Amino acid sequence: MSRAEDQQAIALAGLFQAASLVEQIATRGMVSQNSFETSLASIFVTNPQTTEEIFGGVHDLPINLSQGFRGLQELLDKSRADQNQDIIRYGLSLIHLERKLNKRPDLLKVIGGRIDKIAQQASYFAEAGTSLKDNPAAYTHPSVVANLASLYQDTLSTFSFRIQVTGEPRHLQNAENAAKIRALLLAGIRSAMLWRQVGGKRWHLLFFKSRLRPSVRQISGRD
């Protein structure tokens, strides 16, 4: 088991957590608050010292990315993957969309600048005397979520390739849910970017599954 495979497993867990939360909002209209906070907070960790830091630190990974590791484990387990086709489709679509974004430095610059501004806005919703790092809930304030959703619409939604989210119309047509879904797709793009940066490639998911399994089991605490 190598450090590179550990990093790729963490990045993929972040990716599939965002995909899983999108599916849950679309079909049930609700998600785990901790998972939601972890995914959105990851968007704002732009200069991490370690991959683990993006999702709250090494000790909290099993909890913060529990849904993501579960989704990744199901992808690696063919028998269960068939039961979660939407989540896998969202995850693979995010990887594809991030590859297109990586060829657009103009959009990357816009996204980086606006994320900085949204982070400043989020700081107003943190508890007095504390930092944003200690207040991930600030990133899930409705105003912050709405601005993240707007950022996704203004940039990633302009590509001809779009991620089609399916679910219950009553949940999808709810404006707050729609904003959460777009914000989570942006979080998924952030994890897809991280996965590429630590050496991940789409074909690894087809041929290197056995290499990822030990990292997933150890980091998620599923040994």
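The values are calculated or read from the model by the stated rules, or taken from the named source; none is laboratory data. Everything numeric here is computed off the predicted structure, so don't read it as measured data. Every residue, glycine among them, receives a Cβ derived from its backbone with ideal geometry; neighbour counts consider all protein chains shown. We work out accessible area using only protein heavy atoms, side chains counted, and drop any ligands, DNA or RNA first. Shrake-Rupley method; radii C 1.70, N 1.55, O 1.52, S 1.80 Å.
Data for the structure
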{"item": "Residue 168 - accessible surface, heavy atoms, 1.4 Å probe, Å² rounded to 10", "result": "80 Å²"}
{"item": "Per-residue SASA entry for residue 198, accessible area with 1.4 Å probe, Å² rounded to 10", "result": "30 Å²"}
{"item": "R0 of 22 Å, Cβ-Cβ distance residue 176-residue 89: FRET efficiency to nearest 0.05", "result": "0.40"}
{"item": "Charge dipole magnitude, Cβ of K and R +1, D and E -1 - the stretch 46-192, Cα centre, debye nearest 20", "result": "580 debye"}
{"item": "Kyte-Doolittle at least -0.5, axis length at least 30 Å by Cα - qualifying DSSP helices, the chain", "result": "3-28, 175-197"}
{"item": "Alpha-carbon gyration tensor eigenvalues x 5, square-rooted, for the chain, Å", "result": "25, 20, 18"}
{"item": "Global form of the stretch 74-185, assessed from the alpha-carbon gyration tensor, a/c cut-off 1.5", "result": "prolate"}
{"item": "Inter-site label distance for residue 47 and residue 109 at 7 Å from Cα along Cβ, in nm", "result": "2.0 nm"}
{"item": "Linear extension gain, residue 141 paired with residue 4, 0.36 nm per residue minus alpha-carbon span", "result": "45.9 nm"}
{"item": "Cα-derived Rg over Rh, computed across the stretch 1-132 with Rh taken as Kirkwood radius", "result": "0.98"}
{"item": "Those aspartates and glutamates that a straight Cα-Cα span of less than 16 Å connects to residue 103, excepting residues fewer than 8 apart in one chain", "result": "none"}
{"item": "Anchor residue 201: aspartates and glutamates whose Cα lies under 13 Å away (excluding residues fewer than 8 positions away in-chain)", "result": "5, 98"}
